[in-house]
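These notes concern the structure reproduced below.
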Amino acid sequence: MRIAGAALNQIPIDWTHNLRTIREAIDQAKAAGVELLCLPELCLTGYGCEDLFLSDWMPAAALAHLQQIRPWTEGICVAVGLPVRLNNSTYNTAAVLRDGQILGFAAKQFMAYDGVHYEPRFFTPWPAGKTTTVQWEGEEWPLGDMIFEHKGVKFGFEICEDAWRPDDVRPAARLTGRVDLIVNPSASHFAMSKTDLRYKLVLNASRNFNCTYLYANLLGNEAGRIIYDGEILVARNGHLLMRNQLMSFKEVDMECVDVDFTTEQVRADEIQPLPTPDEYRELNQALSLGLFDYMRKARSRGFVLSLSGGADSVMCAVAVAELVRLGTAEIGTAEFMRRAGCFTAEEIERLAGPAAPTSDQSLQGPKDASHTQPSQQQADINKELTRRLLTCAYQGTVNSSDDTFNSAKELADSIGAVFYNWTIDEEVTGYVGKIEHALGRELSWKTDDLALQNIQARVRAPSIWLLANVQNCLLMTTSNRSEASVGYCTMDGDTAGSISPIGGVDKAFVKEWLRWAETELNYPALRHVNNLQPTAELRPLEDKQTDERDLMPYPLLNRIERLAFYNRLSPQQVLATLAEEQPDIDAEQLKTYVKRFYSLWSRNQWKRERFAPAFHLDDYNVDPRSWLRFPILSGGFTEELSQL
């Protein structure tokens, strides 16, 4: 049997869009001779509908829209994810359709409740072994713990989290010996190196449960913060038969494979090797696709960036250039511009020529553009596209250096971005003068250090916001996870913006990524920022301000953060662990760093509550709206720190 998975780039409650991609996936599968197709979890509504899942009307609307899919399934068996609401409970289900009929609904049995997941808020777990019925306009279908059959092949379901539970309790444990195929429609978020866990999960399941295992994930930035890599995996008896290229810029990535269900043997030529994960490249692809989807789904015309020349803002600029390079390399310039939604037909024809038929591209496999460099002609086109999508401004003061200006300008010029340069000293002087007049005294670095630093960062916000508004663009804010942890940022200043692309990545990784990008992605202009010490440049130049002198070494900050909130250790346990791991650091100095971290963390939760939406890119983040909740007001670990 030829079986397939299709990764879909969906939008919450966008029925027109979601039905179009579902139909395109089914049409592609039919054209390829596929007999059984798995679509991702909740693909009809979108996974990120949040509290709408608790309403009566939205699941009812999903069931009504499911009826539109029925005629598209003539000659093929298709699994479609949608919520079903019964007796004031909402269930996460996969509907199985064939030849225009609904065969039934398999219901998810385990809810994801940790990390970025809050599924128990929305969904009720389905009890193993139970079934009921769902009705719609006089028709009735079974729903629950179901086994289906198609052309002699019996198959059952695990829906995403079901597969991440222990082997003795997950649905597959009860399907062993009863089915030939387990189908897993998923909405599994991206995190660096997570794909390696999925390989092992799918391979081990196919071996341990003696079956063929088909896995299909959502694709792209669906709802704002979470990115899905669109992974499709097929394994049989412990061998990987098929795995697609992740992070496709296509809205539909359908991949199929032939499986001989009459034998348990797997031929050597059917087995795919496991690629080695590359976190730098994975992050680049996720950031690029995440930004592209955010831009077009927000119906904006590009991005505006206050480009300081430091590591964080430079990484954001490179990410926009990379979304252009990767996107055009995979789906072509014309399709990229059409999908972006901010180019006219005349612009598309001028830069790309007549657009190729979408269907021709849609039947091609995803192209791995992450290692390839464009031709000179394409590189020139990409620079023009980047110029349309990215506007940068260097907003200098008397405390800014030539080093950061040169870093910003050369990088912007090299990628083709619009680059403006203005100073803000006059505005800073004006605000300082007003407060000095009101207070009847001068403000000085000796008495008002933090306030004088903050006003410089804050004054930069209105003009860059105005530029973004005038151009109908998204303003990028550049804070990273390390700065968010300790509040090393100015609220309504450098945190001002509508999206925070790298808010889920620590500063040490940002610096490492930029060194990698300079050589591996061929951005020689990054040599400037890669030779600089990270600095806010908010104090007089003679002070030689650096981030790490204000705080602590970034690798140490990141380690404390991880031990405290990923490993959930107490301050005493954190200190003991660090003392063992880093015996070369003076014990009193280490204690000072731990106390400083917890103190800054506790007093700055209000800032984390107000950050612009950030992408989830690592195995954890500090965003209280997606991964880590903490009280705005607390005791600040007073007793725990005194015990150190």
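The values are calculated or read from the model by the stated rules, or taken from the named source; none is laboratory data. Since this is a predicted model, take the numbers as computed values, not measurements. When we count neighbours, we look across all protein chains shown, and the Cβ atoms used for this are built from the backbone with ideal geometry, even at glycine. All accessible areas refer to the heavy atoms of the entire protein, side chains included, with ligands and DNA or RNA removed. Shrake-Rupley method; radii C 1.70, N 1.55, O 1.52, S 1.80 Å.
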Item to check | Rg/Rg_globular for segment 27-152, with Rg_globular taken as 2.2 N^0.38 Å and Rg from C-alpha atoms | outcome: 1.05
Checklist entry - residue 150's amide H: which non-local residues (gap 5+, or another chain) put their own amide H closer than 5 Å, with H modeled 1.01 Å from N in plane and none for Pro or chain starts? => result 155
Next on the checklist: Starting from 0.36 nm per residue, how many nanometres of slack lie between residue 573 and residue 87 once their C-alpha separation is accounted for?
Outcome noted: 170.3 nm
Checklist outcome for this item: Restricting to Cα pairs under 8 Å and 6 or more apart, the percent relative contact order of segment 422-569 works out to 17 percent
Checklist entry - From the backbone phi of segment 277-288, what are the Karplus-calculated ³J(HN,Hα) couplings (6.51 cos²θ - 1.76 cosθ + 1.60, θ = phi - 60°) in whole Hz, Gly and Pro given as x? => result x, 10, 4, 4, 6, 4, 4, 4, 5, 5, 5, 5
Checklist entry - Which loop GluC sites (Glu not before Pro) in segment 212-269, with loop taken from DSSP, have no more than 16 other Cβ atoms within 10 angstrom of their Cβ? => result 264
Next on the checklist: Quick check: residue separation of residue 268 and residue 197 times 0.36 nm, minus the Cα distance between them. What number comes out in nm?
Outcome noted: 23.2 nm
Next on the checklist: Just to be sure I understand: of the beta bridges DSSP finds with both ends in the chain, what percent are antiparallel, rounded to 5?
Outcome noted: 60 percent
Checklist entry - In percent, what relative contact order does the chain have, based on Cα pairs under 8 Å that are 6 or more apart in sequence? => result 11 percent
Item to check | Segments 580-586, 157-163, 212-218 sorted - mean Cβ within 10 Å per residue, highest first | outcome: 212-218, 157-163, 580-586
Item to check | residue 207-residue 131 FRET efficiency (beta carbon distance; Förster radius 30 Å; 0.05 resolution) | outcome: 0.55
Item to check | Within the accessible area of the chain (1.4 Å probe), percent carbon and sulfur | outcome: 50 percent
Checklist entry - Which residues in segment 404-426 have a backbone N closer than 19 Å to a point placed 7 Å from the Cα of residue 531 along the Cα-to-Cβ line? => result 404-415
Item to check | Other-chain or far-sequence residues with amide H under 5 Å of residue 394's (modelled H) | outcome: 307, 420, 421, 422
Checklist outcome for this item: HN-Hα couplings for segment 585-599 via Karplus (6.51, -1.76, 1.60; θ = phi - 60°), in whole Hz with x for Gly/Pro, come out as 7, 3, 4, 5, 5, 4, 4, 4, 5, 5, 4, 4, 4, 5, 5
Next on the checklist: Quick check for you: which residues of segment 48-64 have the amide N under 12 Å from the point 7 Å beyond the Cα of residue 122 toward its beta carbon?
Outcome noted: 48-55, 59
Checklist entry - Hey, with R₀ at 51 Å, roughly what FRET efficiency would residue 17 and residue 260 work out to, going by the Cβ-Cβ distance, to 0.05? => result 0.90
Item to check | Pairs from 409/446; 250/607; 409/507; 154/297; 544/595; 194/511 whose Cα-Cα separation, in the structure shown, is over 30 Å | outcome: 409/446; 250/607; 154/297
Checklist entry - Which chymotrypsin sites (Phe, Trp or Tyr not before Pro) from segment 58-147 combine a DSSP loop assignment with at most 11 other Cβ atoms within 10 Å? => result 113
Next on the checklist: Give me, ordered by chain and number, the residues 5 or more places off residue 619 or on other chains with an amide H under 5 Å from its own placed amide H.
Outcome noted: 192
Checklist entry - Whole-Hz Karplus ³J(HN,Hα) for segment 128-141, in order, using 6.51 cos²θ - 1.76 cosθ + 1.60 and θ = phi - 60°, x for Gly and Pro? => result 4, x, 9, 9, 9, 10, 10, 10, 7, 6, x, 9, 9, 9
Next on the checklist: If you take Cα extents along the principal axes in Å from the coordinates, which of [x] 84, 66, 50; [y] 73, 67, 45; [z] 75, 62, 51 do you get?
Outcome noted: [x]
Checklist entry - When the helix-only estimate is applied to the chain (DSSP H runs of n ≥ 4, each -39,500 (n - 2.57), divided by the residue count), what is the mean residue ellipticity at 222 nm, nearest 500 deg cm²/dmol? => result -12500 deg cm²/dmol
Item to check | Longest exposed-site-free window of the chain, the sites being trypsin sites (Lys or Arg not before Pro) in a DSSP loop that have at most 13 other C-beta atoms within 10 Å | outcome: 300-440
Next on the checklist: What does DSSP give for segment 1-96 in terms of the percent of beta bridges that are antiparallel, rounded to the nearest 5?
Outcome noted: 55 percent
Checklist entry - What is the extension gain from residue 434 to residue 639, computed as 0.36 nm multiplied by their sequence separation minus the C-alpha to C-alpha distance, in nm to one decimal? => result 69.7 nm
Checklist outcome for this item: Heavy-atom accessible area per residue of the chain, all protein chains kept, 1.4 Å probe, expressed in Å², is 40 Å²
